[in-house]
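Written below as C-alpha cells is the structure these notes are about.
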Amino acid sequence: MSAKGLDVQQVVQQVKSLLLDNVDLSQPSLLLSLAAIAFNPTAWNIVARNEYRNKTLTKVFGSPKNGCYFLALMIFSFGVLRDHLFQKALQDQPRVPILPAEYSTIVPAVLFGLGQLFVITSTWQLGVTGTFLGDYFGILMDARVEGFPFNVLRDPMYVGSTMCFVATSLWYERPAGLLISVYVYIVYLIALRFEGPWTDMIYSKRAAEQKKNKSS
C-alpha cells in the first residue's frame, strides 16, 4: 500500500526496526528507569489517599499545609531522581540517528521548550498545593482553573512531561528512549484513572456540604 509514492508498509517497518532493534534489554539501568517511572505516581497516590483517610502527614507536621509541602518536596525530589535514572538509561542504550540531520537539534529543542512551558505554567496556575495533591489534605481550590494551559490541554502537566521525555530521547538519539516515553504516557494515563474520579469525589463532597450548610 502506498500514498503518493510513499510506501506506508515500508515506513512502518523501518520505524519498527528503528525502535525494536535498538533496545538493549540486558542493561539494568533500563529496568531501573522503568521501575522509577512507575513508582512515582503509584507511591504518591497511595500516600495521598492515606492522607485523605488518616491525616498522617498532617498529624506529623502539624498542619495540612506543612504536610502538603513535605509531600511536594518528596514528589519533586523523586522526580529529579527519576529524570537522572532516565538519562543514565539512555546513555547505556544504542545511539542511532532518528531525525534528519537538519532537524536533529531544532525539533527536540522546540519539543522540550513546549513541554516545559506546559509543566511550568500548570504549576504556576495551580500553585504548590494545587499541583502536589493538596486536595487530599483538604486544601481545595475555589474554582476550576481554566486559563492557559488548561484551556488547551486537559492534563497539560502530564502531556508536557511526556513531551520532555520524547525531546530528550531525540536529542540524545536513543530510540529506546522513545519506547520509554510511550511507557511514561501509559503510566500517566493509568494514574489519571485513579486520580480523576477521586479528585471529583472530593470536590463533589465539598459541594454537597456547602449546599447542605446553605439550606440549613
Distance between modelled label sites at Tyr103 and Phe39, nm, 7 Å Cα→Cβ extension: 3.6
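Between Leu140 and Met74, how high is the FRET efficiency from 1/(1 + (r/R0)^6) when r is the Cβ-Cβ distance and R₀ = 22 Å? Nearest 0.05. Working shown, then result.
Values: r = 21 Å, r/R0 = 0.96.
After rounding, the FRET efficiency stands at 0.55.
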Förster radius 22 Å - calculated FRET efficiency between Arg154 and Lys205, Cβ distance, rounded to 0.05: 0.50
Largest to smallest principal axis extent of the C-alpha atoms in segment 85-176, angstrom: 49, 26, 15
Residues in segment 121-135 that a label on Trp198 would reach, taking backbone N under 17 Å of a point 7 Å out along Cα→Cβ: 129-135
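Sorted from largest to smallest, which semi-axis lengths in Å does the alpha carbon gyration tensor of segment 29-157 give for its equivalent ellipsoid, taking the root of 5 times each eigenvalue?
Values: eigenvalues 214, 87, 20 Å².
In descending order the semi-axes read 33, 21, 10 Å.
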For the chain, Kirkwood radius (reciprocal of mean inverse C-alpha pair distance, Å): 19.5
q = 0.19, 0.23, 0.24 Å⁻¹: log10 I(q)/I(0) that the Debye formula gives for segment 122-216, counting C-alpha atoms only: -1.00, -1.21, -1.25
Two-site label geometry, Leu31 and Arg53: point separation in nm, points 7 Å out along Cα→Cβ: 3.2
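Suppose every Lys and Arg Cβ carries +1 and every Asp and Glu Cβ carries -1, with no other charges. What dipole size does the chain come out with about its Cα centre, to the nearest 20 debye? Could you put the intermediate results ahead of the total?
Values: 19 positive and 15 negative charges, 200 e Å.
Its charge dipole is roughly 960 debye.
Read the figures in this text as sums done on the coordinates, not as results from a lab. Quick caveat, the model's predicted, so the values are computed rather than measured. Counting neighbours? That spans all protein chains shown, and the Cβs are built from the backbone with ideal geometry, glycine included.
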